[in-house]
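Only one structure is covered here, and it is reproduced in the block below.
The values are calculated or read from the model by the stated rules, or taken from the named source; none is laboratory data. Predicted model, so just to flag it, every value in this text is computed and none were measured. SASA here: full protein model, heavy atoms, side chains in, ligands and nucleic acids out. Shrake-Rupley method; radii C 1.70, N 1.55, O 1.52, S 1.80 Å.
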Amino acid sequence: MKGEKSMLGGISQLMIIRFYPLFLKGLWVTIEISFYSFFIALLFALFIVFMRISKNITLKLIGNFLIQLSRNTPLLVSLVWVYYALPVITGISLGAIIASIIAIALQSAGYQAEVYRAGIESVHRDQIWAAKALGMSPFLLMRRIVLPQAIRRIIPPTINVFCTTLKCNR
């Protein structure tokens, strides 16, 4: 357009003002997708990490496979599989937003599971041995000894995973 001042990459200020409502709507959709997919990833990662730290070798292998699959698959491939292949396999048709939430959640879950695992394994072994010596059950040991210490160490990398999840939605 003639007479408009050019800002970045040929986008004029008048275009930004004219399409401002669309930019806000796109921003809101991005934030929604990020929060939903991150919440689902947190829950799915918790499920995966308990499989990964299990003493059952089958569960451990399945957990390791899920982590490696989600971390080593490009997001675009996950999006294509969830949006196009999943309806063919299951017969359930998904909308674009739901498919993107699921794909991004699966992608983030692998990274978040590794964050959980690292936080749990960072608790010193002597404290675990002391709790076992006191006769604590594995559930009680996890709830009272391991998780309170691990949560402090998990929070900063979890914020990093959320930032990555937010960047996946650009």
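Observations on the model:
- Accessible surface of LYS167 - all protein chains present, 1.4 Å probe, nearest 10 Å²: 120 Å²
- Overall, the accessible surface of segment 40-152 at a probe of 1.4 angstrom is composed of carbon and sulfur to the extent of 70 percent.
- Applying the Kirkwood pairwise sum to the alpha-carbon positions of segment 73-170 produces a hydrodynamic radius of 15.8 angstrom.
- For the chain, built as a Gaussian network whose Cα springs stay under 10 Å, the top-fluctuating residue of ILE92, ILE155, ILE31: ILE92
- ILE159, ILE101, ILE53, ranked by accessible area, largest first (probe 1.4 Å): ILE159, ILE53, ILE101
- Residue-level accessible surface for TRP28, protein heavy atoms, 1.4 Å, Å²: 150 Å²
- Accessible surface computed residue by residue for segment 96-170, with neighbouring protein chains in place and a 1.4 Å probe, gives 59 Å² per residue.
- Taking the convex hull of Cα positions in segment 50-102, its mean projected area over all directions (nm²): 4.4 nm²
- Average projection area in nm² (convex hull over Cα atoms of the chain, one quarter of hull surface): 13.8 nm²
- Solvent-accessible surface ranking, highest first, for THR73, THR164 at 1.4 angstrom: THR164, THR73
- Most to least accessible of GLU32, GLU114, GLU121 (protein chains only, probe 1.4 Å): GLU121, GLU32, GLU114
- Over the chain: helical MRE at 222 nm, DSSP H runs n ≥ 4 each giving -39500 (n - 2.57), nearest 500: -24000 deg cm²/dmol
- Kyte-Doolittle mean at least -1.0, axial Cα span of 30 Å or more - DSSP H helices of the chain: 20-52, 96-121
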